[in-house]
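Read the structure below first, then the notes.
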Amino acid sequence: MPTFSSQASSIILFGPPGAGKGTQAVKISQSTGKPQISTGDMLREAVNRGTDLGNEAKGYMESGQLVPDSIIIGLISERLKQPDASDGVLFDGFPRTIAQAEELSRIAKVSTVIMIQVPDEDIVKRIVGRRMDPETGDIFHVKFRPAPEEIVARLIQRKDDNEETVRSRLNAYHQQTKPLSEWYSGLSERSDLRIISVDGRGSIVQVSESIRRELEVS
Ligand code: AMP
């Protein structure tokens, strides 16, 4: 059963892998007060803990394929039952297929879809240089956003952030996820759903400023 009140509305952050969704989600979550729900983070946590779900998802993630819809929908339905989700949430990396979006429309009200646009040729460069601080979750890039010297030694690289897997992830994005932008555009024409489209190629601050400006326009 959905736990959303009728007023509560959620935001979807949509874009290709490496578009900066995770980085921007942290900022949007702070400014809107909506908790960030990242299916990628939830899956990585399940893999690290070695749960049944994690063991099932692992192979898909490591080869750059999408995890089956049934697993994702189960995860999201459980997460939306938590009390902090009752005033709407910020979805990061979900939905990624039409089936997920259809299910989401049954269990939650989405007011806004933020689409971050980044061309394919920039994505590979962004992802293979990406590093994460396991202590804070902060995301850096060896060239575009170097970490402070004192924490460089503890940074880790996601297992699926290598060139070969990135190509599969991009492929999955184009085949299964990109069609959702048309799906949501169609929905916005016959409902009050708002679509915000931003250029994801600027600096982190420039992109977050564009998102903030667009979100403020009512
Ligand atoms: P992300 O951290 O969002 O880039 O996700 C990492 C990996 O987790 C993806 O390449 C997929 O294998 C899996 N994943 C995350 N979210 C989803 C989703 N909504 N649907 C299917 N697979 C997902």
What 222 nm value per residue comes from the helices of the chain, counting each DSSP H run with n ≥ 4 as -39,500 (n - 2.57) and dividing by all residues, nearest 500 deg cm²/dmol? -13500 deg cm²/dmol
Ignoring ligands, DNA and RNA, what accessible area per residue does segment 13-152 give at 1.4 Å, in Å²? 47 Å²
Under 8 Å for C-alpha pairs, at least 6 residues apart: give me the relative contact order for segment 44-142, rounded to a whole percent. 12 percent
For a quick check of your reading of the filter: which trypsin sites (Lys or Arg not before Pro) in segment 132-179 sit in a DSSP loop and have no more than 13 other Cβ atoms within 10 Å? Lys143, Lys159
Where does segment 1-120 land on the Kirkwood hydrodynamic radius, alpha-carbon pairs, in angstrom? 14.7 Å
Quick one: of Lys34/Lys143; Lys58/Lys143; Lys58/Lys81; Lys34/Lys159, which pairs are farther than 27 Å apart, Cα to Cα? Lys34/Lys143; Lys58/Lys143; Lys34/Lys159
Counting DSSP beta bridges with both partners in the chain, what percentage is antiparallel, nearest 5? 25 percent
Checking the a/c ratio against 1.5 first, then a/b against b/c, what shape does the Cα gyration tensor give for segment 80-185? oblate
What GluC sites (Glu not before Pro) in segment 54-162 are in a loop by DSSP, with at most 14 other Cβ atoms within 10 Å of the Cβ? Glu135
If you project the alpha carbons of the chain onto their three principal axes, what span does each projection cover, largest first, in Å? 47, 41, 33
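The values are calculated or read from the model by the stated rules, or taken from the named source; none is laboratory data. Note that the structure is a prediction, hence the values are computed from the model and not measured. In this analysis, Cβ positions are derived from the backbone assuming ideal geometry, glycine residues included, and neighbour counts consider all displayed protein chains. With ligands, DNA and RNA removed, areas are computed over all heavy atoms of the protein, side chains included. Shrake-Rupley method; radii C 1.70, N 1.55, O 1.52, S 1.80 Å.
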